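Written out below as structure tokens is the structure these notes cover.
The values are calculated or read from the model by the stated rules, or taken from the named source; none is laboratory data. Everything quoted here is computed from the prediction, not taken from an experiment. Here the Cβ is made from the backbone with ideal geometry for all residues, glycine too, and neighbour counts use every protein chain on show. We work out accessible area using only protein heavy atoms, side chains counted, and drop any ligands, DNA or RNA first. Shrake-Rupley method; radii C 1.70, N 1.55, O 1.52, S 1.80 Å.
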Amino acid sequence: MSPNPSGKCRLESPSIPYFAYRTLEWLLAPIALSGLMALRISSNKYRDITLKRLGILKKDELKIKKKGRPIFWVHALSYGEVKAAFPLLKRIKEQWKESVLIGSSSTPTGMLELCKMGDSILDLTIPMPFDFTPCFLRHISWLKPDCFLLVETDVWPNFLWQLKRRGTQLVLVNGSISERASSRLSMMPWVSRFIYGPFAKIGMQSEKDRDRLISTGIDASDVVAVGNMKFDIDIPDMDNVSKSMVKELGLRDDGLVVVLGSSHPGEEEAVLPSIMALRQLSDQRPIEVFVVPRDPGRAAEIKALFESQGVRCSLRTQLAASNQASVASPNHSFRCIIVDTLGELLKIYSISHVAIMGGTFVPVGGHNILEPASFGLPVIVGPYVESIEEICEGLERAGGLFRISGKEGLKPILLSLLQDPSKRNSVGKAAKRFVERNKGVIDRYIYMIEEILRNGVQ
């Protein structure tokens with residue numbers, strides 16, 4: 001370790017924590033990985049990605065045409081992180097046109113989203129190997145990335161330190177840290193430096209996140225408050241998509257649409273009484289409710305829950321298959337559609353009037369509220385917003401968000417927004433303005449990467 005102007009010690013290379021971690025790796029990883037194989041190899045959904053994460057792949061699956069081109073490897077944990085990373089991946093390819101761009105994820109949904117980006121952006125798409133040396137050694141040896149960018153989370157110290165030892169420049173982008181995590185790490189600064197030490201630069205979502213991370217023992221010069229990349233979300237032109245969806249689902253022009261997005265177990269039950277209360281408005285205007293669970297596989301159980309309380313529901317795939325959207329309910333004045341497909345949330349936001357954000361009514365911490373805000377929707381969140389606290393505060397101050405302390409507070413806000421078009425429109429416009437004002441985060445990350453490469457690999 002060596003001193004720096006801040007007075008804190010900076011970890012220059014792996015030391016005691018690293019070797020302790022490596023020892024545990026060789027003692028525990030074989031047991032853990034064999035158990036993982038037994039569980040996941042039997043699942044069709046996880047079999048292929050698990051084998052590849054174990055390093056069981058052919059050499060041509062890591063084949064890229066280098067020819068002196070700079071190599072970028074961008075890793076995003078799952079579906080949400082991949083979506084957030086898309087604008088960054090696109091800009092990297094624009095900025096370094098001759099570069100090799102590798103994208104990786106740790107989940108099937110994340111991999112599926114990466115594959116959708118196509119060859120015009122990504123030169124190679126791979127599952128992230130497990131943090132056990134035999135699993136990732138060939139990846140590092142064959143790919144030899146010049147720059148590795150980790151989006152938000154999924155920090156694996158062994159893999160990262162091995163990359164650093166081979167001369168790769170590492171950057172953490174869109175980072176965040178909770179107050180609880182920073183408090184714990186501040187009591188063990190050597191652990192914090194072991195986790196974050198490999199990174200040449202750490203980009204955090206806010207000043208609060210930066211201060212929290214620095215308090216754990218990380219050198220202040222290595223940490224920058226860049227902003228949240230999700231402000232730069234790439235919203236495609238949805239006009240044609242919206243029209244097609246309205247027609248396919250039989251939505252009425254005079255109807256109002258409410259969406260519960262990215263919901264988790266327990267949340268549908270929490271919001272159900274408020275959704276049932278919307279039926280009292282359906283005498284005036286048709287009401288359509290979309291429930292979009294984080295896991296589409298839960299759609300059938302959600303449908304059963306709603307129907308047990310007298311709320312008639314249809315599955316999204318059933319409507320598409322039967323072409324019976326227009327007669328899904330007796331008088332089509334009130335409908336509830338459970339979305340059992342993946343990747344349609346943006347489409348649904350584009351046809352909605354109010355968004356209830358999942359992950360905030362149970363202790364999950366929230367999901368991307370900037371997506372509905374980008375479409376000019378009033379956003380309603382519950383009490384559990386730890387992961388999106390900074391954005392919630394900003395959007396609430398801007399007048400685009402309602403935060404409720406419990407499920408009882410949802411009904412009056414929903415009724416108010418649906419009954420008052422002027423209020424609904426003004427709140428939605430405030431939400432959209434908030435997103436527009438905070439764009440430009442990707443530009444700052446591109447500048448940061450340029451600086452790192454200029455001072456590092458050239």
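The table that follows gives values for the structure above.
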read-out: Theoretical ellipticity at 222 nm over the chain - DSSP helices of four or more residues, -39500 (n - 2.57) apiece, nearest 500; value: -13500 deg cm²/dmol
read-out: Built amide H within the under 5 Å cut-off of Gly175, gap 5+; value: Glu152, Gly203, Met204, Gln205
read-out: Accessible-area value, Arg312, 1.4 Å probe, nucleic acids and ligands omitted, Å²; value: 140
read-out: Nearest 10 degrees, 0 to 90: helix 108-117 Cα axis against the chain principal axis; value: 90
read-out: Residues with amide H under 5 Å from that of Asn228, placed H, sequence gap 5 or more; value: none
read-out: For Val82, solvent-accessible area (1.4 Å; no DNA, RNA or ligand), Å²; value: 0
read-out: 0 to 90° range, to nearest 10: angle between helix 410-419 axis and the chain longest Cα axis; value: 60
read-out: Carbon and sulfur %, accessible surface of the chain computed with the full protein complex present, 1.4 Å; value: 53
read-out: Three principal axis lengths of the chain [C-alpha, angstrom, descending]; value: 71, 46, 42
read-out: Principal-axis tilt of helix 299-308 within the chain, Cα atoms, nearest 10 degrees; value: 30
read-out: Alpha carbon centroid spacing (whole Å) that separates region 158-176 from region 186-202; value: 12
read-out: Per DSSP, loop trypsin sites (Lys or Arg not before Pro) in region 59-109 with at most 16 further Cβ within 10 Å; value: Lys63, Lys65, Lys66, Lys67, Lys97
read-out: Selection of GluC sites (Glu not before Pro), region 76-164, meeting DSSP coil and at most 13 other Cβ within 10 Å; value: Glu98
read-out: Sequence-distant residues sharing a close amide H with Phe290 (under 5 Å, placed H); value: Val258, Val259, Leu260, Ile337
read-out: Surface accessible to a 1.4 Å probe, per residue, for the residues of the chain, Å²; value: 44
read-out: Gyration tensor verdict on region 165-215 (Cα atoms; rounded if a/c is under 1.5, prolate if a/b is larger than b/c, oblate otherwise); value: oblate
read-out: Inter-label distance for Glu451 and Arg279, nm, one decimal - labels placed 7 Å from Cα along Cα-to-Cβ; value: 5.9
read-out: Cys115-Ser99 pseudo-label distance in nm [points 7 Å out on the Cα-to-Cβ vector]; value: 2.5
read-out: Contour minus Cα-Cα distance for Glu207 and Arg138 (0.36 nm per residue); value: 21.1 nm
